[in-house]
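Encoded as structure tokens, the structure appears first; notes follow it.
Readers should treat all values here as calculations from the given coordinates under stated rules, not as data from a laboratory. All of these numbers come straight from a predicted model, not from anything done at the bench. In this analysis, Cβ positions are derived from the backbone assuming ideal geometry, glycine residues included, and neighbour counts consider all displayed protein chains.
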Amino acid sequence: MATASAFVRKGRLDVLATNGLGRALYSPAFEGTRTPPVNLARFAFLDARAADFYPDWDEAADTTVALLRAEADRDPHDRTVSDLVGGLATRSDEFGARWAAHNVRLHRTGHKTLAPPRRR
């Protein structure tokens, strides 16, 4: 795919692969990441740039938590998911409050509004 952005992610929101346009679109999430994989939940809750990247950050945050809850419910013994959730809950009050709401969402298709960085 050369004319559309694309990425592949795991249920815990780790980005496994992107094409060039996908990496460009999500470049704020990739910038400053020391160890792969990029994780969109960590980006949303722990990176100040996420508030600019997601014009409706509250909706993006709610969706992120609901997707993680669905993944945690799919396999409650998955240590990688529980470690991610625990880390986010201890470092982000916003995440912790949303996690406590117990909202679950399966994500098959949808509309996402992003404000990608502009080229200089």
Run the dipole for segment 7-100 about the Cα centre, Lys and Arg Cβ at +1, Asp and Glu Cβ at -1, nothing else charged, and hand back the magnitude in debye, nearest 20.
-> 400 debye
List every residue whose amide H lies under 5 Å from the amide H of Arg12, counting only residues 5 or more places away in sequence or on a different chain, with H placed 1.01 Å from N in the peptide plane.
-> none
Fully extended contour minus Cα-Cα distance, from Thr3 to Leu46, at 0.36 nm per residue | 12.4 nm
Just add up the charged neighbours of Arg74: K/R +1, D/E -1, any other residue whose Cβ is under 12 Å from the Cβ of Arg74.
-> -1
How do His77, His102 rank when sorted from fewest to most other Cβ atoms within 10 Å of their own Cβ?
-> His77, His102
